[in-house]
1. Given the chain, report the % of alpha carbon pairs whose separation exceeds 21 Å.
2. Rounding to the nearest 10 and keeping the result within 0 to 90°, find how far the Cα-based axis of helix 41-152 lies from the longest principal axis of the chain.
3. Excluding residues fewer than 8 places away in the same chain, name every one of the lysines whose C-alpha is closer than 29 Å to that of Lys76.
4. Between the helical axis of 20-35 and the dominant principal axis of the chain, each derived from Cα atoms, what acute angle in degrees is found, rounded to the nearest 10?
5. Quick check: pseudo-label points 7 Å beyond the Cα along Cα→Cβ at Val46 and Glu117, how many nm apart are they?
6. Per DSSP H run of n ≥ 4, the term is -39500 (n - 2.57); total these for the chain, divide by its residue number, and report the mean residue ellipticity at 222 nm rounded to 500 deg cm²/dmol.
7. Given the options Gly142, Val47, Ser110, identify the residue whose Cα lies farthest towards the positive end of the charge dipole of the chain (+1 on Cβ of Lys, Arg; -1 on Cβ of Asp, Glu).
8. With only Lys, Arg, Asp and Glu charged, each at its Cβ (+1 for the first two, -1 for the last two), find how big the charge dipole of the chain is about the Cα centre; round to the nearest 20 debye.
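What follows draws every value from the coordinates through simple rules; no lab data is involved. Computed from a predicted structure; not experimentally measured. Using ideal geometry, Cβ is built from the backbone for each residue, glycine included, and neighbour counts are taken over all protein chains shown.
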Amino acid sequence: MPTLFLFGASEGGLFDFDATLPLMAVQVVLLTFILNALFFKPVGRVVEEREDYVNTSRAEAKKKIAEVERLETELKDQLKEARLEAQKVILEAEQDSENLYKEALALATSEANASREKARLEIDSQRDEALNQLKSEADNLGDLIVERLLAKK
């Protein structure tokens with residue numbers, strides 16, 4: 001039976017070690033270099049850039065979170081201080097209003113007492129004056145009665 005050989009290939013066993021094997025090896029190496037240069041290096045570079053971006057973004061986010069937590073703590077402290085200050089101001093205002101109330105009450109009481117004492121003194125003087133006037137009128141009336149009684153006799 002005649003066998004037809006293409007390209008002058010001879011029949012070998014499982015592996016033929018002619019010029020095809022080195023040619024295929026060169027093609028694989030060449031394809032690896034081409035793929036590495038055109039695809040893997042740019043993709044690797046993009047992946048590294050993205051990884052760097054993610055790492056820097058994470059670091060910045062951690063810094064910002066730490067800053068936010070610090071500011072939150074400061075604001076909480078300021079809020080506590082403001083509340084304490086407000087309570088202090090409210091307490092002082094209550095004490096001031098209580099003192100003003102007591103002072104106003106004391107002043108009103110003293111004015112009322114002074115007014116009552118002045119009225120009492122005025123009433124006493126008017127009573128004494130009325131009594132004196134009554135006494136003088138009684139004396140005049142008594143003298144008049146005595147004169148008329150003596151004049152009739």
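1. Looking at the chain, the distances longer than 21 Å represent 82 percent of pairs.
2. With both axes taken from Cα atoms, the answer is about 0 degrees.
3. Straight-distance partners of Lys76: Lys62, Lys63, Lys64, Lys88.
4. 20 degrees
5. Between Val46 and Glu117, the label points sit 10.3 nm apart.
6. Using -39500 (n - 2.57) per qualifying helix, the result is -31500 deg cm²/dmol.
7. Gly142
8. Computed charge dipole of the chain: roughly 320 debye.
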